[in-house]
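The values are calculated or read from the model by the stated rules, or taken from the named source; none is laboratory data. If you're wondering where the values come from, they're calculated on a predicted model, not measured in any experiment. In this analysis, Cβ positions are derived from the backbone assuming ideal geometry, glycine residues included, and neighbour counts consider all displayed protein chains. Remember, those area values only see protein heavy atoms, side chains included, never the ligands or the DNA or RNA. Shrake-Rupley method; radii C 1.70, N 1.55, O 1.52, S 1.80 Å.
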Amino acid sequence: MLARKGLLPDGFLLTRLAEDQNQPNRSRTRSQKARFITKSGSCNVAHKNIREQGRFLQDVFTTMVDLKWQHSLLIFTSAFLCSWMLFAMIWWLIAFAHGDLEPRDPTGDPGPVPCVTAIQSFTSAFLFSIEVQVTIGFGGRMVTEECPLAITVLIIQNILGLIINAVMLGCVFMKTAQANRRAETLIFSRNAVIAPRNGRPTFMFRVGDLRKSMILSATIQLQVIRRTVTAEGEVIPVCQLDIQVENPLRSNGIFLLSPLIISHTMERGSPLYELSAQSLSSEDLEIIVILEGVVETTGISMQARTSYTPEEILWGRRFVSIITEEDGRYCVDYSKFGNTVPVRMSSLSAKELDQTRGVQEEGSEVQLQGWGLVRAGRGGFRRGGRGCDGAAPWPWYAQSEKLVEKEVENKGQKKTVQLEVIGRKTEEDGLGDMSDGD
């Protein structure tokens, strides 16, 4: 559909079809499980046996906005027709009670002044009702000062017509300016991938915006929905766990200038810490992605959603680069938006990898942190992990500057060298002594 509208090139669809044929599709070999959020972002939840249906009538405007277009148009048309017919009956009764429907001799005495001129039947009363409510006023029919009741009915019908018009226009505007309309041009990769990044298994997916107008204050949130069992044996069918997005500011904010790869490091404290290539196919979980922001052109808040099931998560693959520099500007090739390539990666989980690397727990309060670059004195660098105290895991860029000691060989003598995280501005005196000795 996007290709037909000119938003995406035709080759994008051909590339995606080839991608689906080359990549393993585990959903063909197993029955498709239910999901809470569909790929298009709609909620896949059916509400049944609702006894208090009257609560929806207490919020009529929201109910009207939530209805489908065909239902809304049917209600609006019925409201206009019913109001026209009702007031047509009232105008006919007023004319009948005043004697305006009796035949009169055009050459004789004109008789009393009618309440409404030129009303001889119900059809003419219906036409006058339409003229009053939509303020057409052809000029052939009008209310006279003969009947105060007719003047009162005229005022009531005008007020009721304005209310119906206001509700109709408000519902049409809200339905056309809903947040999910802007989300139609926000695309997510069909599959998510798990690949090593900086020596750690990382969950990644790609998101892009097809419009040139920006999404202001864009934030992205990840949640894992899975079935859990408590220590007391209680089964929780829907357990929502937040996933921290890899962001140095830890704010989940993104600047969607071009397609981005959103990543989450599978470290200790992550809901995906024990996920491996073998257990992925049997896991009963769903990763929900929620992108929120403000539309730059309208100032309306919007939200885009999608989800990934285990069948849509590819182990040992990464996304290809789609951004190139041409003629002094960056170009994005959307035909490769969802393309992935295989990478060398162990099938073990992040927990098993930590155990094979010799990472040991030092109590329930010690949490394993991300693996980053660590500087040994003023010289080389090494890659490694660090434990810190705290209930929540911190990535390598946010960990405290607590020093760790390690023994190294220097000219046949052992010295204690203090390691510090990159970015520390001050150095210990022992590091200065070591550099002077060199």
**Report entry** trypsin sites (Lys or Arg not before Pro) within region 50-99, DSSP loop, no more than 12 other Cβ atoms inside 10 Å
**Finding:** ARG51, LYS68
Requested in this report: Might you work out the accessible area of THR324 for me, using a 1.4 Å probe with all protein chains in place, and round it to the nearest 10 Å²?
Outcome: 70 Å²
Query raised in the report: If LEU81, LEU186 are ordered by their accessible area, calculated over protein heavy atoms with a 1.4 Å probe, which sequence runs from highest to lowest?
Result: LEU81, LEU186
**Report entry** Kirkwood-Stokes translational diffusion coefficient of region 182-358, alpha-carbon pairs, 10 °C, 1.306 mPa s, µm²/s
**Finding:** 90 µm²/s
Query raised in the report: Which value, in Å² and to the nearest 10, is the accessible area of LYS39 when all protein chains are kept and the probe is 1.4 Å?
Result: 70 Å²
Report summary line: Over 31 Å (Cα to Cα) among LYS48/LYS212; LYS175/LYS212; LYS33/LYS68; LYS48/LYS351; LYS33/LYS212 -> LYS48/LYS212; LYS48/LYS351; LYS33/LYS212
Query raised in the report: Given the protein chains as shown and a 1.4 Å probe, how many square angstrom of LEU57 are accessible, to the nearest 10?
Result: 130 Å²
Query raised in the report: In terms of solvent-accessible area of protein heavy atoms at a 1.4 angstrom probe, what is the ranking of HIS47, HIS264, HIS98, highest value first?
Result: HIS47, HIS98, HIS264
Query raised in the report: Among ASP242, ASP327, what's the order by accessible area (1.4 angstrom probe), most exposed first?
Result: ASP327, ASP242
**Report entry** Residue-span extension gain [ARG104 to GLU184] - 0.36 nm each, minus C-alpha spacing
**Finding:** 22.3 nm
Report task. For ASP284 and MET89, calculate 0.36 nm times their separation in residues minus their Cα-Cα distance, and state this gained length in nm to one decimal. Result -> 63.9 nm
Requested in this report: Step through the residues of region 317-334 one at a time and calculate ³J(HN,Hα) from phi using the Karplus curve (6.51 cos²θ - 1.76 cosθ + 1.60, θ = phi - 60°), rounding each to whole Hz and writing x for Gly and Pro.
Outcome: 9, 9, 7, 7, 6, 10, 10, 10, 10, 9, 6, x, 8, 8, 10, 10, 9, 6
Query raised in the report: Points 7 angstrom from Cα along the Cβ direction at LEU210 and THR123: gap in nanometres?
Result: 5.1 nm
**Report entry** Karplus-derived HN-Hα couplings along region 171-178 (A = 6.51, B = -1.76, C = 1.60, θ = phi - 60°), whole Hz, x at Gly and Pro
**Finding:** 5, 5, 5, 5, 6, 7, 10, 5
Query raised in the report: In region 128-178, which chymotrypsin sites (Phe, Trp or Tyr not before Pro) fall in coil by DSSP and have 14 or fewer other Cβ atoms within 10 Å?
Result: PHE138
Query - Distant-in-sequence amide H partners of THR306 (H built 1.01 Å from N, under 5 Å) - result: VAL289
